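The next block holds one structure in the form of structure tokens; read it before the comments.
Every number here is computed from the coordinates shown, using simple stated rules; none is lab data. Just so it is clear, the structure is predicted and the values come from calculations on it, not from any experiment. Note: ideal-geometry Cβ built from the backbone for every residue, glycine included; neighbour counts use all protein chains shown.
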Amino acid sequence: MKDYWKIDEDLVRHISLISKLNLTNEEMTGYSKDLNDVLESFRILEEVDITGVDAAFHPLSVENAFREDTASKEKDNAWDPLSATENKEGDYYKGPKII
Amino acid sequence: MKEHLERVKAQDFDNGEFIEKVMQSASNISNEYSAFITMAKDKPNGILPISVKDNICTKGIRTTAGSKILDTYVPPFDATAVSKAKASGGFVIGKTAMDEFGFGTFSTNCAYGAPKNPHNKERVCGGSSGGAACVAYAADFPHIAIAQSTGGSITAPAAFTGTVGLTPTYGLVSRWGLIDYANSMDRIGVIGKCSYDAALGLSIISGYDPLDSTSMNRGATDYVKSIGNDVKGMKIGVPKEYFDGVDKDITENVWKSIKLLESMGATYEEFSLKLTKYATPAYYIIALSEASTNLAKFCGIRYGIEKQISGNYDEYFSAIRELGFGTEAKRRIILGTYARMSGYRDAYYIRALKIRGKIISEFKAAFKRYDSIATPSMPILPPKFSEINSLTPAQTYSMDRLTTAPNLCGFPTISVPAGTINGLPSGIQLIADHLNENKLVALASACE
Amino acid sequence: MGVMIGLEVHCQLNTDSKLFCSDSQDHRGKRPNENTCPICLGFPGSKPKISKKAIEHGMTIALALNCNISRTMFFSRKTYFYPDMSKNYQITQYEVPLATEGLLSVGDLKIRIRRVHIEEDPARLVHVGGDITNSEYTLMDYNRSGVPLAEIVTEPDFTSPKQTRAFLEKLMNMLEHTGVYDPGKEATIRVDANVSIDGGERVEVKNITGFENVEKALNYEIIRQNSLKRSQMKIARETRHFDATTSTTKSLRKKEYEDDYGYIFDPDLPMVRIDDEWLAKIKRLMPELPDQRVARFVSQYGLTEYYAGVIVYTDKRFADFYEECCRSNGHPDIVAKWAVNYLLKSLNWRSEKISDSKVTPKGFVEFLALIENGKLNERFAKELIKEYVDTGVSPGELLYKTKLNISEEDLRDIIAKVLKENGRAIEDYRSGRKESLQFLIGLVLKETKKQSNPNEISKLLTEMMPR
């Protein structure tokens, strides 16, 4: 059976890839050691009987907070979507290629 | 603060001179204790000096959330808490230091320098709202610090600096404009010198906001009215698990405060919160699952630090994130991503959400018997910077064990000074049922 | 044999604002990134808020597809990095979609609907210096970011590309009828198609616009997969991109690990609870669906199933056009006959939809009146309708113009010439074969290059016919 409370370097490498962290091999070794420690201290969660318990997404129930479908007619004149970046071209944001 | 407002009311007051003095003093605090990341540049206007934790957006004032990845970010809008404070005469003096994105217990995971404890500069302020608490203590002017908590980030620094930290019910203060750590727990609150300041601050910034879907739909409340309210007949629960492994002197001080409340007519009873030890792991799993998605957006396009575009998106985003995030942020992204990965999310994320449900029920049952639950704020006195380095991440995370449960469950808490030990402050944390901030303010003012 | 196809259909919903913010979703004539705000750009500190209308549109679709509607649901974050994603996660629905287990019949074909859910549209990308596989860099326009989408996922019930097209046309017609989709506002429907052949892995072709392209993409994929199979090569599970210019699919070489989306509940958003009252309201406001409309056309207008079906299933606005015409013309059967057999044919020939064409109900009713009043005979009417579709000039004016285009004197000359060359037809006519007159009219029309009016020709012909 899989031990959920252990993380190996391969898994840390996989996570580094999907979360775009560019970790070095040294960092991966360091993090997997730290995290194994942490996970070991989390293992006690297995003791808790959760049968029939609902997942609490929020501390209090938060329901049906909606917006009416009205489009803002006027834009704030000061609003410039491109003001926070140098990577732009014309009215477009500029970003990296896909492949 | 109270005297200041009375002088303002009586117009016995030169506003220009006042603002100048405040800004000069704030600048001194910044130099002395590294309490600010960014000072307000333009000459502010108002009667009420406020400092704002740097993960709360301020229009036109750089907001980094303590991270290099947002080094260049100037928000185009104010957080609702800030605009409400401004509407009440508040003016922003600066953005206070914090752990990167709130990721810390001591305010030592800081991209812009760690704030120093005003009681002893070799010691930490506590985190993650360390700068806020530091300014609240060190200010020689009336001031309210707008701070924020996810797992104890108001209580911890309030206890370490000897200030009052009020963390309101989840949803009472709008999160619009807050740079998210864990959206289902993040709460904006206040730190002040005394319970009056904290109560005033909360009265100003709380209230319904249509911009935040989790904002509670209720009107403004004046919490200042509860200052000095009789605590006679109030029942206080003292959970024994919250004293396990706590510094002996702190335990003693907390008991002194409880006895003080007893002398004023409150009663107390020891009891047990059996799920206590599960709160911290459950907290970290949920908080980091959410945090790792919140941090995905930082990738060097649209805003924040960037480079000349090169390579494919995988390469470019990775280069920016490698550069922009600190060690603890990366650690938490890894753990949070792990906890929600397919094949693991049921064992971690979903299980933790269910355990949260159980812990909420346990507290709710206790609040049927008690008006408030009293615990130490932190298990230790403010440590030295040099002592922090020897802690492993697992040890550091366990330092949050007294604050994670109320944060996980959205209960309001207030941390009030409970005496000093060798010149270092200790604190008592009072927890109440949702929306019972008035009881906390009454109890806190009684403790002072 | 053994082809299995499933579709994921993404339909932009007809709302005024975006799914989570109040920016206009109508980006016709807008500059790139003009319809944006901190929310749909994912600026730090911004928070989404759900548009109630988008949920209601989703409920309408679910009802139209005979689905079970979830009474409690929530939104999730699907995390993956991509330049078109302003937050690097998409707010979508995962564990509990808005609706499940529906069905849409297309003739004898029954397609099961696995789920319907609501999600946000990502931004539009421009691949500079090449296509998605070889560009130099990317430009991003977030006007589309946050536009509400309904994603309709079918079971893999299709066995041929042709079936998918019939299904998509019916689905689009239905969506248009319910009012949740308005192609007039340049709303789009984009399709991801999953296809596998016996013994092969499932291949996903992403982001195909246009139903014809769906069919083309699938045809190409089946040929590609079959040829791999014949050469005993492995058909890998992968995501491919459809290149409309070459009608081929290309591998996006996406790495396997990219599929780990790590879904969590979106803690910025509330639970959505649909109570009986809300559901009843949506049911009550449910517009007429295409199948119901066909039945009504049969009973109300006395049309045959065939005519009613063609009118309704062509597209909603053609059916609206038909009904509009029937309001000012008392012969729905005649309206249907001309609309289906001639108007629609001319539109199709030009690959035009009624809504993009110059044809108006007023003009078409005028055209029918000319026939009824004997000013147009059938043969010439068929010519005139083509011209009307081509030019948009009103039929009355076209007829008037036609008369003027050739003088009566010239027409008489042409008729005289035709009569002289066709003694046989005159004989036939005299001996009672009336259709010979039509033959002669046709010859005259041809001579005049159709610049004449058959009624007038007929009049002159009878007059000038040698006795």
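Quick one: if the Förster radius is 51 Å, what FRET efficiency do C:T209 and A:V53 give, using the C-beta to C-beta distance and rounding to 0.05? Numbers along the way, then the final one.
On the way: r = 45 Å, r/R0 = 0.89.
Once rounded, the FRET efficiency stands at 0.65.
For helix C:52-64, report the angle its Cα long axis makes with the longest principal axis of the Cα atoms of chain C; keep it between 0 and 90° and round to the nearest 10°.
That works out to roughly 60 degrees.
Mean-square fluctuation check for chain B, GNM, Cα pairs under 10 Å: which of B:G324, B:G16, B:G410 is largest?
B:G16
Let's see if you can work this out: charge +1 on each Lys and Arg Cβ, -1 on each Asp and Glu Cβ, no other charges. What is the dipole magnitude of the protein assembly as shown about its Cα centre, in debye to the nearest 20? Don't skip to the answer; put the middle values down first.
Values: 129 positive and 135 negative charges, 290 e Å.
For this selection, approximately 1400 debye.
Going by a ≥ b ≥ c, the root eigenvalues of the Cα gyration tensor, does segment A:1-48 fall in the rounded group (a/c under 1.5), the prolate group (a/b larger than b/c) or the oblate group?
prolate
Sequence-distant or interchain residues sharing an amide H contact under 5 Å with B:G427, placed H: which?
So B:G427 has HN proximity to B:S377, B:M378, B:A418.
Pairs of Cα atoms under 8 Å, at least six residues apart: use those to get the relative contact order of chain C, whole percent. Walk me through the numbers on the way to the answer.
Working: 782 pairs, mean separation 64.5, N = 467.
Computed over chain C, the figure is 14 percent.
Per 0.36 nm of contour for each residue apart, how much would the distance between B:D222 and B:K43 grow if the chain were fully extended, relative to their Cα-Cα spacing? Write down the numbers at each step before the final one.
On the way: separation 179, 0.36 × 179 = 64.44 nm, distance 2.99 nm.
Roughly 61.4 nm would be gained on extension.
What nm value, rounded to one decimal, do you get for the distance between B:Q11 and A:W79 when each label is placed 7 Å out toward the C-beta?
For B:Q11 paired with A:W79, the spin-label model returns 4.1 nm.
Among rounded, prolate and oblate, which fits segment B:161-292 when a ≥ b ≥ c are the square roots of the eigenvalues of its C-alpha gyration tensor, a/c under 1.5 means rounded, and a/b larger than b/c means prolate? Show your work: numbers first, answer last.
Numbers: a/c = 2.11, a/b = 1.24, b/c = 1.71.
Cα axes put segment B:161-292 in the oblate bin.
Give me Rg/Rg_expected for the protein assembly as shown, where Rg uses Cα atoms only and Rg_expected = 2.2 N^0.38 Å with N residues. Walk me through the intermediate numbers first.
Numbers: Rg = 36.2 Å, N = 1014, 2.2 N^0.38 = 30.5 Å.
After normalising by residue count via 2.2 N^0.38 Å, the value is 1.19.
Between C:T188 and C:K345, what FRET efficiency comes out of the Förster formula 1/(1 + (r/R0)^6) with R0 = 45 Å and r the beta carbon distance, rounded to 0.05? Write down the numbers at each step before the final one.
On the way: r = 27 Å, r/R0 = 0.61.
Rounded to the nearest 0.05, the efficiency is 0.95.
Starting at the first residue of segment C:437-443, write each ³J(HN,Hα) from the Karplus equation 6.51 cos²θ - 1.76 cosθ + 1.60 with θ = phi - 60°, in whole Hz, x for Gly and Pro.
Result, ordered by residue: 5, 4, 4, 5, 4, x, 4 Hz.
Hey, what do the phi angles of segment B:42-56 turn into as Karplus ³J(HN,Hα) couplings, whole Hz, using 6.51/-1.76/1.60 and θ = phi - 60°, x for Gly and Pro?
5, 5, x, 9, x, 10, 10, x, 10, 9, 10, 4, 6, 9, 10
On a C-alpha basis, how far is the centre of segment C:173-226 from the centre of segment B:56-115 in Å? Whole number, if you could?
47
Anyone know which of A:D69, A:D54, A:D37 comes out most mobile in the 10 Å Cα GNM of chain A?
A:D69
Which ordering of B:S390, B:S445 is given by a fewest-first count of other beta-carbon atoms within 10 Å? Can you show the working numbers first?
On the way: B:S390 8, B:S445 22.
Listed from fewest to most nearby Cβ atoms, that is B:S390, B:S445.
Quick check for me: using +1 on Lys/Arg Cβ and -1 on Asp/Glu Cβ, what's the dipole size of chain A about its Cα centre, in debye to the nearest 20?
On the way: 12 positive and 22 negative charges, 93 e Å.
So the magnitude is around 440 debye.
Once every DSSP H run of n ≥ 4 in chain C is given -39500 (n - 2.57) and the sum is divided by its residues, what mean residue ellipticity at 222 nm do you get, rounded to the nearest 500 deg cm²/dmol? Kindly include the intermediate steps, with their values, before the conclusion.
Working: 16 runs with 191 residues, N = 467.
Mean residue ellipticity, 222 nm, calculated: -12500 deg cm²/dmol.
Most mobile of B:L288, B:L273, B:L381 per a Gaussian network model of chain B (Cα springs, under 10 Å)?
B:L273
Hey, with R₀ at 56 Å, roughly what FRET efficiency would B:E269 and B:D140 work out to, going by the Cβ-Cβ distance, to 0.05? Each step should come with its number before you reach the end.
Values: r = 41 Å, r/R0 = 0.74.
For B:E269 and B:D140, the calculated efficiency is 0.85.
Treat each spin label as a single point 7 Å out from the Cα along the C-beta direction, and report the C:E305 to B:K235 distance in nm.
7.4
How charged is the neighbourhood of C:E215? Take every other residue with its Cβ under 13 Å from the Cβ of C:E215, and add Lys/Arg as +1 and Asp/Glu as -1. Mind showing how you got there, number by number?
Numbers: positive: C:K162, C:R165, C:K216; negative: C:E169, C:E212, C:E221.
Neighbour charge sum, excluding C:E215 itself: 0.
Arrange the following residues from fewest to most other Cβ atoms within 10 Å of their Cβ: B:D197, B:D222, B:D54, C:D291. Working shown, then result.
Values: B:D197 23, B:D222 12, B:D54 32, C:D291 16.
Final ranking by Cβ density, sparse to dense: B:D222, C:D291, B:D197, B:D54.
Hey, if you put +1 on the Cβ of every Lys and Arg and -1 on every Asp and Glu Cβ in chain B, which of B:T276, B:A139, B:S51 ends up farthest toward the positive end of that dipole?
After comparing all options, I get B:T276.
Please report C:V128, C:V335, B:V254 as a ranked list, fewest other C-beta atoms within 10 angstrom at the top and most at the bottom.
Numbers: C:V128 14, C:V335 27, B:V254 24.
The fewest-first ordering by Cβ neighbours comes to C:V128, B:V254, C:V335.
Output the 0 to 90 degree angle, nearest 10, between the alpha-carbon long axis of helix C:395-405 and the longest principal axis computed from the alpha carbons of chain C.
40
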